[in-house]
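Where a number appears in this text, it was derived from the coordinates with a stated rule and is not lab data. Given the structure is predicted, the values throughout are model-derived calculations rather than measurements. Cβ coordinates were reconstructed from backbone atoms using ideal geometry, including for glycine residues, and neighbour counts include every protein chain displayed.
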């Protein structure tokens, strides 16, 4: 046990025996006391300076030095030190006067048994006052710093009271950012809207109305300065409420982003074209059919290039024009331009006709006034104000042209046009190669029977995939399999039947994998497939099982017969089983040979992996059955109020008994649920069971507290997450809390906020779990639709030993309570931790100090005991 803190006591007394009695009483109460004695003003002053007492005990009436004089002197020289009268003569009237003059307490010498408690209480009060003063000093210092920041900040900071909308504060930067002084805005509250550009005012008004209703305010818009100059600004604000929920004020900050917007627009324009160029080049390399190439070019031009619409027209051998690809569902206007060209190509009046006749890129940045375009009025009514026509040449002949439309005038600049010219040059090169190499490449690189890549092409793609895995530091699985009894199929049904089996397996394999570049027919009845970017061998086994169900398990119909086929597979993993394609192939084929010898459905090259994967596959299989048969059940850990130790909530925790009928650690089986996606059903079951349990306890009259259920990342990312939760909880939604981890919430903050707000509006309460270990910012924390913050157990573990941890926990509690959130401390295991949390004014705790997770029946008994 740690030694008790020593207390320095200064006794102002002229009777030595009384001093002995007082000190003896303090020591008998277990205090470690060092004391000094004085009975004169001079001695009192000296001891105050040299002894620095923690507490002063003084007689009231003394012949040489009056107790009230000592009190006045103490309040002047050391007002923080507790001053207690210990007297046998003080009456009620004098006691009241002493307390009014600053005495902490008084104790009669005839009742010294009260003295230790009075001293302890006085010391505790003194510590509390010191702590409050330190906080007040820090707040005052922070206020001064903030004022200095506001004075020098280039952004305009403002605050408006609600509901009357009176300007409380605006920083001096308003003159530079908004074009008017703070005094002008204070005199005319409507000025803030009048400076907004006319085209943006309605949008800003809508955003402001939404802000007053409590929604997010984060907007960019234009303002007009006094000199009519135009500036872009970015403004953010949030609404604060009174304790009763009524609006109090709105605080905001506005920044001039004019330079950033101009640069952003320019970079966005160029970036859009570069992105278009990259995406188009990728399409040129990937696509092997001309019409599809044109369609993909148009699609990418609109989706990645930001063009209003895109078209490709094609000239046939006779010079007749046709629309080869188009992003419009209806193109009657453009079709009319094409028809006019076909009617009289030499005299047709359009930008398209001009480009085709000259064979040069043709730009119109002001289509409304471009006399080369006879249909310009029709086009501008459709919203087209700029266009470019890019002729496409193959073997020095214009065979097509790309037409790109934009809705803004002056859309195309020289840098954009240069990039577009480069893109067309790459398209021309792709078309030439397409024509020359299509047949040769196909025969050299593809299996003509199954239309899958052959071993030559697959070896090249495997080498590329290995290089990507090497750069990315990921694993890759190569699976080689062959069809069992294939010779018997050929012998019994003929080669045609065997060929149909091979084609069917190839077709199903291509559909299952989804990317023909990752599969191959190596020859005969031997196939290969690669899976890059896998986590481990267990994932490879899981993928293989799923693929086998798609590729092998389905019967094949041949001449009216249903043929069931089977396969054996060998698996080699990069980098463990080989660093290059040849080694990986050799080891995968060796694994296949061993699988045929042993009769196993599949084998890994490394024997130790087979045992580990078998164990993992067995665990997944058992877990899948457990989820389907609802064998995963819940235990509940109480949350208690720190001040009263009253149960105010329960956290539902998944539990499962493994093959040995013993409870398996959630740290082992929950990650498997996450990896396999079974957490979706298991999580939904947990919500249903929690809701049903709450209803049962209510029916028993137990007055159950709210039950919290953890939500996984996979659940929250589901599009139908809100519907699933509401369906699982039903009418019990108002009695259930959803616990979301901080890092999970920040993955897609806007979508997460939208979903959680919907559930919160339906009555659910939201808790932010493991707070302090994630990456949320204070700006986001104030926006999150949460009711409770749970402090991570890693902070609670060292709260009584580490001053830095104590400060962090104190800050979290203060911040959360400032945002009107409940605070729950997780992992509380000792009374010292609980006591510290009480001093820090934490609301609730959860941990083994009160109770470990308990069964439903045990919790039910606890609730009965609490209600009796």
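When only C-alpha pairs under 8 Å and at least 6 residues apart count, what is the relative contact order of segment 153-256, in percent? With pairs under 8 Å counted, the relative contact order is 29 percent.
Computed from Cα atoms, the angle from the helix 803-818 axis to the main principal axis of the chain rounds to 80 degrees.
Order these peptides, 164-173, 224-233, by their mean beta-carbon neighbour count within 10 angstrom, highest first.
Values: 164-173: 16.0, 224-233: 13.7.
Descending packing order for the listed peptides: 164-173, 224-233.
Between the Cα long axis of helix 67-77 and the first principal axis of the chain there is an angle of about 30°, rounded to the nearest 10.
The share of alpha-carbon pairs in segment 808-868 lying farther apart than 18 Å comes to 47%. Considering only beta bridges that DSSP places wholly inside the chain, some 65 percent are antiparallel. A Förster radius of 30 Å, combined with the Cβ-Cβ distance separating residue 75 from residue 829, puts the computed FRET efficiency at roughly 0.10. Between residue 347 and residue 139, the modelled labels are 8.9 nm apart [label points 7 Å from Cα along Cα→Cβ]. Taking label positions 7 Å along the Cα-Cβ direction at both residue 251 and residue 563, the computed distance is 7.5 nm, reported to one decimal. Oblate is the label for segment 339-436. Its Cα gyration tensor axes, ordered a ≥ b ≥ c, give a/c of at least 1.5 and b/c at or above a/b.
Can you give the FRET efficiency for residue 586 and residue 667, using 1/(1 + (r/R0)^6), R0 = 35 Å, r = Cβ-Cβ distance, to the nearest 0.05?
Numbers: r = 39 Å, r/R0 = 1.11.
Once rounded, the FRET efficiency stands at 0.35.
Relative to one another, the C-alpha centroids of segment 656-726 and segment 51-70 are positioned 66 Å apart. Between residue 856 and residue 641, the simple label model (points 7 Å from Cα in the Cβ direction) yields a spacing of 2.8 nm.
Report Rg/Rh for segment 571-712, rounded to two decimals, where Rg is the Cα radius of gyration and Rh the Kirkwood radius. Mind showing how you got there, number by number?
Details: Rg = 22.4 Å, Rh = 18.6 Å.
Taking Rh as the inverse mean 1/r over Cα pairs, Rg/Rh reads 1.21.
Panel values: segment 631-692, Kirkwood radius from alpha carbon pairs, Stokes-Einstein at 37 °C and 0.692 mPa s, translational diffusion coefficient 251 µm²/s.
With the convex hull drawn over the C-alpha atoms of segment 449-624, the volume per residue is 117 Å³. With contacts taken as Cα pairs under 8 Å at a separation of at least 6 residues, the chain carries a relative contact order of 5 percent.
If the label point is 7 Å along Cα→Cβ of residue 598, which residues in segment 566-592 have backbone nitrogen under 11 Å from it? In segment 566-592, the label zone of residue 598 (backbone N under 11 Å from the point 7 Å along Cα→Cβ) covers 571, 591-592.
Please give the length that would be gained between residue 820 and residue 225 if that part of the chain were fully extended, namely 0.36 nm times their separation in residues minus their C-alpha to C-alpha distance (nm, one decimal).
Working: separation 595, 0.36 × 595 = 214.20 nm, distance 3.95 nm.
Contour length minus Cα-Cα distance gives 210.2 nm.
How high is the relative contact order of segment 622-673, given as a whole-number percent (alpha carbon pairs under 8 Å, six or more residues apart)?
On the way: 54 pairs, mean separation 14.8, N = 52.
Reported relative contact order: 29 percent.
Compared with the alpha-carbon gap, the fully stretched path from residue 317 to residue 15 is longer by 96.0 nm at 0.36 nm per residue.
Kindly state, to the nearest 0.05, the FRET efficiency for residue 215 paired with residue 410, given R0 = 30 Å and r defined as their beta-carbon distance. Can you show the working numbers first?
Values: r = 37 Å, r/R0 = 1.22.
Once rounded, the FRET efficiency stands at 0.25.
Note the angle between two axes, namely the Cα long axis of helix 115-152 and the longest principal axis of the Cα atoms of the chain, as a number of degrees from 0 to 90, rounded to the nearest 10. Tilt of helix 115-152: around 40 degrees.
Looking at the chain, what % of the alpha carbon pairs are farther apart than 50 Å?
50
The per residue volume of the convex hull around the alpha-carbon atoms of segment 263-442 is 110 Å³.
Mind checking the full-extension length gain between residue 467 and residue 28? Use 0.36 nm per residue of separation minus the Cα-Cα distance, one decimal, nm. Kindly include the intermediate steps, with their values, before the conclusion.
Working: separation 439, 0.36 × 439 = 158.04 nm, distance 7.90 nm.
My answer for the length gained is 150.1 nm.
Just so you know, the averaged projected area of the alpha carbon convex hull for segment 153-256 sits at 6.1 nm².
Round to a whole angstrom and tell me the spacing of the C-alpha centers of segment 813-843 and segment 318-377. Rounded to whole Å, the Cα centres lie 73 Å apart. Where does segment 66-215 land on Rg/Rh, using Cα atoms and the Kirkwood Rh? Checking Rg against Rh, the ratio lands at 1.34.
Cα convex hull, segment 6-132: 98 Å³ per residue, rounded to a whole number.
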